[in-house]
Amino acid sequence: MAMACRQLWASRAASYLRISVSNRAFSSVVKDLKYADSHEWVKVDGKSATVGITDHAQDHLGDVVYVELPEVGRTLTQGDSFGAVESVKATSDVYSPVSGKVIQVNEELSSSPALINSSPYKDGWIIKVEMSDSGEVNNLMDSDHYSKFCEEEDTKH
């Protein structure tokens, strides 16, 4: 029931705020990142990993109106859901591409969830994780593989 109320509120808020993002013919993929098949990206810096959803994912979701963030200190396992992104079209779980402890969340998303639409790889990051196993990054796709994965997925739909 609470989810239905929040979705109704979110769609009303989006229409009142006239939130819109221009549609692009293609999604961008950043070369130096790694990608999960659930459409999250990860930027590794030593033992720290910054995580967000890809341009492809935000484009398919549409205008993002709410982001559910995890608690700092939460331990994640690769592939675990740690939050959700709600848009005017749908709600989608967000999965951790790496295992570790959440060391920071992007508080800006609480007041400006549309940062995920306008800047998915920079200002729209979701969490930072202290990785417990940096070798897990090898299980993820590079930018070329992820681009092909998205093309194949889009032709199926």
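Each value in this text was obtained by applying a stated rule to the coordinates, not by laboratory testing. What you see is a predicted model; the values in this text were computed from it and never measured. Cβ sites come from the backbone with ideal geometry, for glycine too, and all protein chains shown count toward neighbours.
Under the classification rounded if a/c is under 1.5, otherwise prolate if a/b is larger than b/c and oblate if not, where does segment 92-147 fall, given a ≥ b ≥ c as square roots of the Cα gyration tensor eigenvalues?
oblate
For the residues LYS34, LYS101, what sequence is obtained by ranking on other C-beta atoms within 10 Å, fewest first?
Going from least to most buried by this count: LYS101, LYS34.
So what's the gap between the Cα centers of segment 132-147 and segment 76-126, to the nearest angstrom?
First find each Cα centre; the distance between them is then 18 Å.
Give me ILE103, ILE127 ranked fewest to most by other Cβ atoms within 10 Å of their Cβ, as a rough exposure proxy.
Taking fewest neighbouring Cβ atoms as first place, the list is ILE103, ILE127.
Quick one: 3J(HN,Hα) in Hz for segment 89-103, Karplus 6.51/-1.76/1.60 with θ = phi - 60°, rounded, Gly and Pro as x.
9, 6, 10, 10, 5, 10, 10, 7, x, 9, 8, x, 10, 5, 9
Evaluate the distance, in nm, between pseudo-label points positioned 7 Å from the Cα of THR77 and of ASP45 along their respective Cα→Cβ axes.
2.9
In units of 2.2 N^0.38 Å, what is the alpha-carbon radius of gyration of segment 59-114?
So segment 59-114 has a normalised radius of gyration of 1.15.
Give the shape of segment 40-157 as rounded, prolate or oblate, defined through the alpha-carbon gyration tensor: a ≥ b ≥ c are the square roots of its eigenvalues, a/c under 1.5 means rounded, and otherwise the shape is prolate if a/b is larger than b/c and oblate if not.
Oblate.
Quick one: of LYS89/LYS148; LYS34/LYS128; LYS34/LYS122; LYS122/LYS156, which pairs are farther than 20 Å apart, Cα to Cα?
In this structure, LYS89/LYS148; LYS122/LYS156 exceed 20 Å between Cα atoms.
Using the count of nearby Cβ atoms within 10 Å as a rough guide to exposure, how do LEU69, LEU109, LEU33 rank from fewest to most?
LEU69, LEU33, LEU109
I'd like the Karplus ³J(HN,Hα) series for segment 74-86: coefficients 6.51, -1.76, 1.60, θ = phi - 60°, whole numbers in Hz, and an x wherever there's a Gly or Pro.
5, 8, 10, 10, 3, x, 6, 6, 10, x, 8, 10, 10
Mind running the shape call on segment 28-71? Use the C-alpha gyration tensor, a ≥ b ≥ c as the square roots of the eigenvalues: rounded below 1.5 for a/c, prolate if a/b tops b/c, oblate otherwise.
oblate
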